[in-house]
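Asker: Structure in structure tokens, see below.
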Amino acid sequence: MYYTDRGIEELEKRRGEEEVSLAWLADQLRTFTDLNPEFETPVDRLATWLARLDDEGDEE
């Protein structure tokens, strides 16, 4: 288990039954990045990866 899995598991346990829009998620990511600018690159990479999940041939 990766260290980050604990946070993912907590998210799923505490909020896993909720439904949110991608606009809401984008807003939360912006807020997180504003409060934690050192995480700008990883947040940007995650957002880009999520945005391109359905792109054919993008196997990164």
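The values are calculated or read from the model by the stated rules, or taken from the named source; none is laboratory data. Because the structure is predicted, anything quoted here is derived from the model rather than measured. Neighbour counts are summed over all protein chains in view; Cβ atoms, including those assigned to glycine, are modelled from backbone coordinates with ideal geometry.
Asker: Here are Glu9, Glu18, Glu59: which of them is at pLDDT 95 or above and either touching an Asp or Glu at 6+ places or on another chain (Cβ under 7 Å) or acidic (Asp, Glu) (or both)?
Answerer: Glu18
Asker: Every residue in the stretch 18-51 that is of a type outside the set (Ser, Thr, Tyr) and either outside any helix (DSSP H, G or I) or touching a Cys at 6+ places or on another chain (Cβ under 9 Å) (or both), please.
Answerer: If the condition is that a residue be of a type outside the set (Ser, Thr, Tyr) and either outside any helix (DSSP H, G or I) or touching a Cys at 6+ places or on another chain (Cβ under 9 Å) (or both), then Glu18, Glu19, Val20, Asn36 are the ones that fit.
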